[in-house]
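Colleague: There's a structure below that I have some questions on.
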Amino acid sequence: MLQFLQLVASGIAQGCIYGLIALGFVLIYKATETINFAQGDLMMLGGFLGLTGTLALGLPFWAAFAAALLVMLFFGMALERVVLRPLLGQPAFTVVMVTIGVGYLARGLVTMIPEWGTDTHVLPVPYKDQIVSLGGNGTEGGLIMSMEHVVVIAVTALLIVALYLLFKHTRIGIAMQATSQNQLAAFYMGIPVRRINMLVWGISAAVSACAGLLLAPITFVHANMGFIGLKAFPAAVVGGFGSIPGALVGGLIIGVVETLAGFYLPEGFKDIAAYIVVLVMLAVKPNGLFGENLRKKV
Amino acid sequence: MRFLFKTDYRQDLRLFKHGGQVFWYGALLLALAAAPWLLPDYWVSQLIFVCIYAIAGIGLMVLVGFTGQVSLGHAAFLAMGAYTEAYLQSHGWPFVLSLAFSALVAGATGIIVGLPALRVKGMYLAIATLAFGFIVEEGVARAESLTGGNAGKMLGSLEVFGLPIDSDQRFYYLVLFFLVLVVLGVMNLLRSPTGRAFVAIRDSEISAQSMGINLARYKTTAFALSAAIAGIAGALYAHKIRFLSPDQFTFLQSIELLMILVIGGVGSIYGAIFGAAFWIVVQQLIVLAKDWLPPAIGQQTGLQPTVFGLILVAFVLFEPMGLYGRWLKIRTFFQLFPFYRKGLFRRQKSYMKSERLK
Amino acid sequence: MKPLLTANHLSVQFGGLKAVNNVSFEVWPNEVFSLIGPNGAGKTTIFNLISGLYRPSAGFVTFEGEKISHLAPYEIARLGIARTFQNIELFEHATVLQNLLVGRHCHRHTGWWQDLLFTPRVRQTELQFRRTVEEVIEFLELQHYRDSMVAGLPYGVRKVVELGRALAMRPKLLLLDEPSSGLNVEETEDMGFWIEDIKHDLGITVIMVEHDMGLVSRVSDRVFALNQGEELALGTASEVQSHPAVIEAYLGGTEDDGPPPSPRPAGGGDGGPPPGGGSEHV
């Protein structure tokens with residue numbers, strides 16, 4: 001039983017990562033109805049920025065963390081302005097292809113940057129190798145979690161609360177909601193739709209970067225770490241594409257199922273658990289757990 | 001500008017609309033047939049890859065370009081075709097039979113992968129196909145007794161009707177034959193009710209069904225055909241490479257096929273062929289360029305993805321109709337000279353027509 | 001004579017909203033039957049119920065004496081029911097000719113493998129299809145647009161192409177959803193002539209949803225008025241227009257003796273939004 005809980009706990013930590021990337025997908029999907037296939041690669045860039053911040057610039061970890069988020073915020077906005085804005089109003093497929101191109105570009109260019117390259121890097125964090133034990137008496141019989149996992153969960157929770165407040169209680173958040181409901185109407189009501197989209201891309205990039213920085217101490221930083229984003233798609237679908245809490249819940253489900261499958265099922269199932277879950281979900285409830293069910297009117 | 005005076009409905013059913021087309025396509029076929037005699041072996045080998053990619057691309061085009069269903073897992077069908085061919089060949093099946101069976105197996109897989117398409121659309125379907133792609137990839141790696149797993153599987157030498165296909169020259173003719181066959185088949189499809197039903201589904205599902213089109217049946221047909229064509233490409237690929245391993249059929253391979261379509265131009269057979277040719281040429285150019293670039297850039301493994309990423313973004317932004325669209329524009333420019341207007345092919349912009357409601 | 005189509009106590013609910021509530025009517029062969037009513041009255045919903053896009057929550061539809069409410073949309077189309085849409089649902093990236101040829105889809109006899117080989121049989125049916133379609137093109141005077149892409153056509157022409165696509169099916173029953181919306185006065189005139197010709201020359205029964213009372217009174221044999229999903233009145237155009245319940249529904253007032261809805265409501269050409277507000281999309 002304890003072992004099971006132990007697995008669930010680490011699954012939750014992993015799920016938070018998926019959830020954060022899925023959150024990035026969902027934010028962009030809500031605003032522009034397209035999927036950003038470069039989401040994982042934005043996460044990878046975040047990881048590398050953290051690396052440069054701590055190692056090359058010698059910043060303290062949390063300062064580097066914040067700096068990386070800020071840089072990625074502007075990077076996401078720039079990306080929207082340069083690459084995506086000209087495609088406003090084009091079919092989703094077009095935009096998907098351009099983000100795939102951006103992903104390729106990011107993965108390729110990273111290998112050409114000195115210090116980054118094709119190697120795997122370790123991101124030094126102050127909370128490395130610490131252990132937290134929950135419940136039980138002292139060190140025995142309790143649930144043991146590594147500090148990395150605890151930080152992942154804590155930061156994710158903080159981020160979700162921050163985003164919730166942003167969306168519910170600020171002018172800009174409400175403008176974003178209006179835009180995602182009906183772009184044209186929002187535009188006529190005087191909401192600067194383009195600037196809102198730009199901001200959404202920025203926030204989405206920053207959220208992904210956050211996932212990258214949280215994941216880095218658990219795995220490594222390398223050019224292909226963004227492929228983990230492919231497991232965040234299922235997370236977003238399970239939650240119901242377009243639902244922010246759904247993204248997180250979906251991420252958690254995928255994370256936990258994957259961890260359990262890795263332990264209890266034969267080898268190989270861990271890697272495809274996420275995809276099996278999503279196929280089952282699509283068969284049972286295509287709109288996901290929190291998805292909206294709309295049909296075309298004629 | 002050419003004016004066609006039509007006097008018979010049959011004229012619109014012809015594959016070639018006028019004598020000029022017959023002449024130019026004939027010349028093209030002749031040039032392709034002569035290629036092995038004129039080009040060095042290395043280029044013949046590359047031409048083979050162009051043909052194989054073009055076949056796979058046409059397969060994907062049937063699905064994406066004509067039926068409007070996205071597939072992010074097409075490499076799975078290539079894998080099914082390739083491994084079925086390898087397995088059957090090692091069990092002594094003659095090529096013609098094993099190839100047909102490979103197409104059949106891939107097509108059957110296509111039907112299974114297409115099942116979600118009956119319920120979900122757009123992005124959800126994309127993710128479902130992506131999931132199937134990963135599952136097949138993993139399955140191939142695990143089914144070691146059939147596929148050799150991660151260690152790979154070798155193929156024996158190929159024989160067609162007793163004729164050993166032992167050189168790239170001979171294999172090139174074989175591949176070219178299948179490319180022509182596939183092109184003709186798909187062209188036939190497009191001028192007949194099935195092809196029109198595909199296009200109808202792509203443009204409006206609601207009115208397609210109100211016109212009596214059984215959505216489930218035609219979507220399944222599109223998936224099966226598309227997968228079967230990809231299966232043929234996979235089987236040919238297996239014979240070209242002669243060594244199969246699961247990492248040849250990854251998610252990235254599926255994405256590359258989509259990139260080929262976008263670069264070539266979505267929505268026409270030309271697009272798939274142009275895209276495939278462009279893809280191989282650029283790959284070769286990158287190999288050539290490596291010696292000329294500073295090592296910090298040229299020797300990096302990231303060079304190829306960078307170039308492809310850049311090309312893809314550039315195409316979507318500046319030439320969304322792809323190479324075929326560019327060719328149409330150039331042709332129209334000369335035909336209408338000097339009356340060509342810049343906006344002639346401009347895309348229609350719609351202010352976010354919600355996909356959620358489709 | 002038996003009715004061609006009947007609606008029997010049809011009801012449909014979306015959540016708590018009763019979009020159509022216990023509606024019954026009969027449509028006789030070779031008549032033009034119009035559905036009128038303010039926006040949100042449930043007219044298009046009735047169309048969607050007939051063509052199988054929605055399932056009724058109670059009641060059923062019969063066509064030529066058979067129940068059809070359990071059938072899929074494509075099966076209903078094959079029985080000979082064609083329709084057009086309020087907001088034009090054409091195949092945008094295909095030519096007018098191809099759009100019309102899709103209308104012949106129900107009448108194909110070949111499978112995909114025959115199409116793949118383009119067998120003589122496919123060629124033969126294609127030629128037959130083409131002849132039928134050319135008749136429609138001639139009927140609707142679309143010759144000029146035959147090879148144009150739909151995406152580039154003006155609204156009025158698209159509306160005609162959509163009518164043509166439905167006619168290419170050679171249906172027994174034609175459902176026209178606001179045939180005059182978005183058309184100018186002249187185009188509406190033409191539409192009126194065509195509907196009359198469709199009835200007289202082609203012998204096709206027409207059910208029409210329309211706001212333009214001018215067009216309705218000109219072509220309709222009978223008019224069915226409904227409001228908020230319920231029947232108000234049934235009769236000839238002038239009978240329905242002078243029916244007190246109809247007048248009340250349009251004017252929203254409780255006073256007696258209000259004027260009937262004018263033959264051409266505000267907005268003229270585009271059918272005009274009659275009072276009542278709300279969205280017609282139901």
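The values are calculated or read from the model by the stated rules, or taken from the named source; none is laboratory data. Just so it is clear, the model here is predicted, and its values are computed rather than measured. Cβ: placed from backbone, ideal geometry, glycine included. Neighbour counts: every protein chain shown. For accessibility, only protein heavy atoms count, side chains too; no ligands or nucleic acids. Shrake-Rupley method; radii C 1.70, N 1.55, O 1.52, S 1.80 Å.
Colleague: Can you work out the FRET efficiency for the pair B:TRP327 and B:GLN304, with r the C-beta to C-beta distance and R0 = 22 Å, to the nearest 0.05?
Modeller: Efficiency, rounded to the nearest 0.05: 0.30.
Colleague: Can you run the Rg to Rh ratio on segment A:214-298? Use alpha carbon positions and the Kirkwood inverse-distance Rh.
Modeller: Dividing the radius of gyration by the Kirkwood radius yields 1.05.
Colleague: Find the centroid of the Cα atoms in segment C:70-138 and in segment C:187-211, then give the distance between the two in whole Å.
Modeller: Centre-to-centre (Cα) distance: 21 Å.
Colleague: Quick one: pull the percent of accessible area on segment C:96-170 belonging to carbon and sulfur, 1.4 Å probe, ligands and nucleic acids left out.
Modeller: Summing carbon and sulfur atoms, their accessible area is 53 percent of the total for segment C:96-170.
Colleague: Between C:ASP221 and B:PHE5, take the C-beta separation as r, use R0 = 51 Å, and let me know the FRET efficiency to the nearest 0.05.
Modeller: Once the sixth-power term is evaluated, E becomes 0.70.
Colleague: Convex hull over the Cα atoms of segment B:1-76, averaged projected area in nm²?
Modeller: If you wrap the Cα atoms of segment B:1-76 in a convex hull and average its projections, you get 8.3 nm².
Colleague: With only alpha-carbon pairs counted, each pair once and no self-pairs, how large is the Kirkwood hydrodynamic radius of segment C:39-194 in angstroms?
Modeller: About 16.8 Å, per the Kirkwood formula over Cα pairs.
Colleague: Also, quick follow-up: Between A:VAL207, A:VAL102, A:VAL249, which gets the highest mean-square fluctuation from a Gaussian network model of chain A, Cα cutoff 10 Å?
Modeller: Highest fluctuation of the listed residues: A:VAL102.
Colleague: Could I ask something else about it? Mind giving me the FRET efficiency for B:PHE243 and B:ASP41? R0 is 30 Å, r the Cβ-Cβ distance, nearest 0.05 is fine.
Modeller: So, using R0 = 30 Å, E works out to roughly 0.95.
Colleague: Do any residues of segment B:313-337 lose at least 10 Å² of accessible area when the full set of protein chains is present rather than just their chain alone, and if so which, with a 1.4 Å probe?
Modeller: When all protein chains are present, B:VAL313, B:VAL316, B:LEU317 each give up 10 Å² or more of accessible surface.
Colleague: Using a probe radius of 1.4 Å on heavy atoms only, what accessible surface per residue do you get for segment C:96-170? Whole Å² is fine.
Modeller: Using a 1.4 Å probe on heavy atoms only, each residue of segment C:96-170 averages 42 Å².
Colleague: Moving on. Might you tell me the accessible area per residue for chain A, computed with a 1.4 Å probe and given in Å²?
Modeller: 41 Å²
Colleague: Related question: Can you pull the three principal axis extents for the Cα set of segment C:96-170, in Å, largest first?
Modeller: So the extents along the principal axes, rounded to whole Å, are 38, 22, 18.
Colleague: Using a Gaussian network model of chain B whose springs link C-alpha atoms within less than 10 Å, name the residue from B:PHE101, B:PHE251, B:PHE337 with the highest mean-square fluctuation.
Modeller: Per the Cα network of chain B with a 10 Å cutoff, B:PHE337 tops the list.
Colleague: Continuing with the same structure: Compare each residue of segment A:224-248 in its chain alone against the assembly with all protein chains, and report those whose accessible area goes down by 40 Å² or more; 1.4 Å probe, heavy atoms.
Modeller: When all protein chains are present, A:LEU230 each give up 40 Å² or more of accessible surface.
Colleague: Please give the Cα centre distance for segment B:59-104 versus segment A:1-38, rounded to the nearest Å.
Modeller: The distance from the Cα centre of segment B:59-104 to that of segment A:1-38 comes to 34 Å.
Colleague: A further question follows. Could I have the simple spin-label model distance between C:ALA58 and C:GLU26, label points 7 Å from Cα toward Cβ, reported in nm to one decimal?
Modeller: 2.3 nm
Colleague: Moving on to the next point. Taking just the alpha-carbon atoms of segment A:126-203, what radius of gyration and Dmax come out, in angstrom?
Modeller: Radius of gyration, then largest Cα-Cα span, for segment A:126-203: 20.4, 63 Å.
Colleague: Relative contact order (percent) for chain C, with alpha-carbon contacts under 8 angstrom and 6 or more residues of separation?
Modeller: Relative contact order for chain C comes out at 26 percent.
Colleague: How much accessible area is lost when chains B and A come together, counting both sides, with a 1.4 Å probe, in Å² rounded to the nearest 100?
Modeller: Using a 1.4 Å probe on protein heavy atoms, the buried area is about 5100 Å².
Colleague: Considering segment B:44-342, what Rg and Dmax in Å follow from its alpha-carbon atoms?
Modeller: When restricted to Cα atoms, segment B:44-342 yields Rg and Dmax of 19.7, 66 Å.
Colleague: Expressed in nm to one decimal, what extension gain is obtained for the pair B:TRP24 and B:GLN283 from 0.36 nm per residue of sequence separation less their Cα-Cα distance?
Modeller: 90.5 nm
Colleague: Other chains near C:103-114: what is the mean number of their Cβ atoms within 10 Å of each residue's Cβ?
Modeller: 5
Colleague: Find the percent of Cα-Cα distances in segment A:91-234 that exceed 28 Å, and round it to a whole number.
Modeller: 41 percent
Colleague: Right, something else. Work the Kirkwood hydrodynamic radius out for chain C: mean of 1/r over every pair of different alpha-carbon atoms, inverted, in Å.
Modeller: Across chain C, the inverse of the average 1/r is 19.6 Å.
Colleague: Quick one: compute the contact order of chain B, relative version, from alpha carbon pairs under 8 angstrom and 6+ residues apart, as a percent.
Modeller: 28 percent
Colleague: Still on this structure, please answer the following. Need one number: buried accessible surface between chains C and B, 1.4 Å probe, both sides summed, DNA, RNA and ligands left out, in Å² to 100.
Modeller: Counting both chains, the buried surface is close to 3200 Å².
Colleague: Could you work out the relative contact order of segment B:172-297, using alpha carbon pairs under 8 angstrom and six or more residues apart, expressed as a whole percent?
Modeller: 12 percent
Colleague: Let me ask you something else. So, in nm, how far is label C:ASP201 from label A:HIS169 when the simple model puts each one 7 Å beyond its Cα toward the Cβ?
Modeller: My value for the distance between the label points is 7.0 nm.
Colleague: Separate question: Which one of A:PRO86, A:PRO124, A:PRO286 has the biggest mean-square fluctuation once chain A is modelled by GNM with Cα springs under 10 Å?
Modeller: Of A:PRO86, A:PRO124, A:PRO286, the most mobile in the Gaussian network model is A:PRO86.
Colleague: Return the equivalent ellipsoid semi-axes of segment B:245-295 as a descending list in whole Å, where each equals the square root of 5 times an eigenvalue of the C-alpha gyration tensor.
Modeller: Over the Cα atoms of segment B:245-295, the semi-axes work out to 23, 17, 8 Å.
Colleague: Compute from the Cα atoms of segment B:124-211 the Rg and the Dmax, the latter being the longest Cα-Cα distance, and quote both in angstrom.
Modeller: Using the Cα atoms of segment B:124-211, the pair Rg, Dmax is 20.2, 54 Å.
Colleague: Next up: Accessible area per residue of segment B:44-342 at 1.4 Å probe, in Å²?
Modeller: Value for segment B:44-342: 37 Å² per residue.
Colleague: Same structure again: Along the principal axes of its C-alpha atoms, what lengths does segment A:2-222 span, in descending order and rounded to whole Å?
Modeller: Rounded to whole Å, the extents work out to 62, 41, 30 Å.
Colleague: For every helix of n ≥ 4 consecutive DSSP H residues, a contribution of -39,500 (n - 2.57) applies; sum these over chain B, divide by its total residues, and give [θ] at 222 nm rounded to the nearest 500 deg cm²/dmol.
Modeller: Here the helix-only value at 222 nm equals -22500 deg cm²/dmol.
Colleague: Whenever you get a sec, compute what percent of the accessible area on chain A sits on carbon and sulfur atoms (1.4 Å probe).
Modeller: Taking all protein chains in place, chain A shows 68 percent carbon and sulfur surface.
Colleague: What shape does segment A:152-298 take by its C-alpha gyration tensor, where a ≥ b ≥ c are the square roots of the eigenvalues and a/c under 1.5 counts as rounded, a/b above b/c as prolate, and the rest as oblate?
Modeller: The shape class here is oblate.
Colleague: While we're here: For the protein assembly as shown, just the Cα atoms, rotate onto the principal axes and tell me the three extents in Å, largest first.
Modeller: The Cα atoms of the protein assembly as shown stretch 87, 76, 58 Å along their principal axes.
Colleague: Using a 1.4 angstrom probe on protein heavy atoms only, which residues from segment A:249-288 are buried by at least 40 Å² of accessible area when all chains are present rather than their own chain alone?
Modeller: Residues passing the criterion (a loss of at least 40 Å², heavy atoms only) are A:ILE272, A:TYR275, A:LEU279, A:LEU282, A:PRO286.
Colleague: Ignoring everything except DSSP H segments at least 4 long, calculate the 222 nm mean residue ellipticity for chain C; use -39,500 (n - 2.57) per segment, divide by total residues, nearest 500.
Modeller: Rounded to the nearest 500, it is -10000 deg cm²/dmol.
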